[in-house]
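Note sheet for the following structure.
The values are calculated or read from the model by the stated rules, or taken from the named source; none is laboratory data. Nothing here was measured: the structure is a model prediction, and the numbers come from that model. Cβ: placed from backbone, ideal geometry, glycine included. Neighbour counts: every protein chain shown. Note: accessible area is taken over every heavy atom of the protein model, side chains too, but ligands, DNA and RNA are not part of it. Shrake-Rupley method; radii C 1.70, N 1.55, O 1.52, S 1.80 Å.
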Amino acid sequence: MQSAACHILAFCLITASLVFALLRGFVDNARWSLNSVEEYIPDFSRYEYIRTLSELEFPVDDPHRRVIVVGDIHGMIRPFQTLLEHISYTPTSDVLIHVGDFITKGPHKGSMSTLQFMTTHNITGVRGNHDQKVIEWRGWLDWIQTLPGGRSWLASTYRRWKAAERRGEKLAHWVKGERRRSHGQAEAKWWALVPVNWVLFSDQYKIATELSQEQMRYLLALPLKLYIPSAHTFIVHAGLLPSDPRYPYWHGRQPLATVPRKLDGEMGVEEHGDEGEVNATVHYMRTIQEVALLTQVPQNTDPWVTLNMRGLIGDKVTRSKKGKPWSQVWKHDMSHCAGFDYEKIISTKTGKHSLPCYPSTVIYGHAAMRGLDIKRWTLGLDSGCVYKRELTALVIGPKTRESSFSNTFDNEEVKEDEYELYEDEDSFGDPPVDAQSVLENVLDSRSPKSHFESQSQPLHAEKSKKNGAIVKFGDTGWARVVKVKCTA
């Protein structure tokens, strides 16, 4: 009996010790998670890096269809609706694409209406830096409310903010002050879980709280970049670089400075051969180089660059108003492309350091302070609608030069404006994608129009007082720039 009692007592002691250890571990873990700083905050970015569009999804050569690319909308739903009416948008035949930042900054209800339109119709587009912030806020909200006390802290903090708002305080200033006043207090552990420079209860935050599951899925499906191999075109929100600025544009490590190898392993193309065979080979080699631009120029693999870049200061990417706009760098490098005929490249008289490449096009938004920014191989469409200026669309298709839109709106000459940018910088990230996986998705795209044709087309923009400026698009195409006023 005494032995049995000892066994029972020992069992009880061991069980109690285990329970105590487990409870202590749970408490310590909870205390550690709430007291830890930013390095333990999850990554809420959830990037989708690249989506490739087929010729059917970007039908610039179909005489019965159009591609319509719209600049930054920022929740300005009425001008957006007016623009669609102005160009007689037809969902059954037209392909509508946005360049990101279609929500926030404008009216909140307008943002939600614009988001619902894009979601309901599954409109193709890319993420903008403001769209990305909404995604991150939603991820943060879902996470913070799983922590013990997280939901009640948010509620009590929001009540304090509404009281401060009634007193006339500004949100950003109030958030900064609350974070500072929490130092040394119990509440500091919660403010430590709000990433630095995030503004609690901003419009981005508010949109994130109201997202339906369908709307969140739509946002998450938006990539950072669209690549259209059949049109040799990229669509991004902020920008793309043609070369690594840390080295000369003609340096051997630059993708456009290297002649891609053909399927048979040979380099270069004799452009006086069979036209069909030459076109297919050129298309294949151009695709290799364009994929390399996305995957081998290190700055182009950094999401921050794709979402925020406006220019270069020296060899560094920046948002600063100082420096060279990246579109000028793109124009410079593309102007040195001399094709893939090796003998032609080494003997060309087009200028020093000609490149074995063909030009490609970038369509983008983001730079509202520049206004409409049209160059031969870059088309910047953010014309500042949210600042009550204009909303711009690029209408691409074979019949663009023949189309007739309402002349209710004044059309202005396409020009390259003075450049004013914002302050901010960041470092480059690690490459998130590999070239082979991207290349496998695009090599089955149809070959483009003959490269022989592309050499003979004029590079200027035509002006039409009724219908907007007509500009060159891609190798042989045309596009019309259409704008409406943003007064509400």
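Which residue out of 256, 263, 219 is modelled with pLDDT under 95 and part of a helix (DSSP H, G or I)?
256
Restricting attention to the range 69-100, and to residues there that are in contact with a Gly (Cβ under 7 Å, 6 or more places away or on another chain) and more than 16 Å from residue 481 (Cα to Cα), which single residue is most open to solvent (accessible area, probe 1.4 Å)?
Checking each candidate, the answer is 77.
Return the only residue of 120, 124, 114 being exposed (fewer than 13 other Cβ atoms within 10 Å of the Cβ) and within 30 Å of residue 363 (Cβ to Cβ).
Testing whether each residue is exposed (fewer than 13 other Cβ atoms within 10 Å of the Cβ) and within 30 Å of residue 363 (Cβ to Cβ) leaves just 120.
Quick one: would you say residue 231 is touching a Gly at 6+ places or on another chain (Cβ under 6 Å), more than 18 Å from residue 45 (Cα to Cα) and open to solvent by less than 70 Å² (accessible area, probe 1.4 Å)?
yes
What number of residues within the range 187-215 satisfy the criterion of being surrounded by 19 or more Cβ atoms within 10 Å (Cβ to Cβ), out of contact with any Ser or Thr (no Cβ under 9 Å at 6 or more places or on another chain) and under 30 Å from residue 295 (Cα atoms)?
Final tally of qualifying residues: 0.
With among the aliphatic types (A, V, I, L, M), loosely packed, with under 15 Cβ neighbours inside 10 Å and at pLDDT 90 or above as the only criterion, which of 313, 346 stands out?
Of 313, 346, the one residue that is among the aliphatic types (A, V, I, L, M), loosely packed, with under 15 Cβ neighbours inside 10 Å and at pLDDT 90 or above is 313.
Could you please tell me which pairs satisfy a Cβ distance under 7 Å, a separation of 6+ or placement on different chains, a first residue in the range 195-213 that is at positive phi, and a second residue that is not in a loop (DSSP other than H, G, I, E, B)?
201/158; 201/161; 201/171
Kindly evaluate residue 62 against the criterion of being modelled with pLDDT of 95 or more and under 24 Å from residue 361 (Cα atoms).
It is false that residue 62 is modelled with pLDDT of 95 or more and under 24 Å from residue 361 (Cα atoms).
Return the total of residues in the range 132-148 being in contact (Cβ under 8 Å) with a residue 12 or more places away in the chain and exposed (fewer than 13 other Cβ atoms within 10 Å of the Cβ).
Of the residues in that region, 1 qualify.
Go through the range 52-77 and report how many residues are over 22 Å from the mean Cα position of the chain (by Cα) and over 16 Å from residue 125 (Cα atoms).
Residues meeting the conditions: 5.
Consider only pairs whose beta carbons are under 7 Å apart and that are at least six residues apart or on different chains; among these, list those whose first residue lies in the range 273-293 and is surrounded by fewer than 23 Cβ atoms within 10 Å (Cβ to Cβ) and whose second residue is among the acidic types (Asp, Glu).
Every condition considered, the pairs that remain are 278/271.
Would you list the helices (runs of 4 or more DSSP H) that sit entirely within the range 106-207 and hold 3 or more residues that are of a type in the set (S, T, N, Q)?
108-121, 150-166
Just to be sure before I move on: is residue 103 open to solvent by less than 50 Å² (accessible area, probe 1.4 Å), at pLDDT 95 or above and assigned to a strand (DSSP E or B) in the structure I sent?
Spelling it out, it is not the case that residue 103 is open to solvent by less than 50 Å² (accessible area, probe 1.4 Å), at pLDDT 95 or above and assigned to a strand (DSSP E or B).
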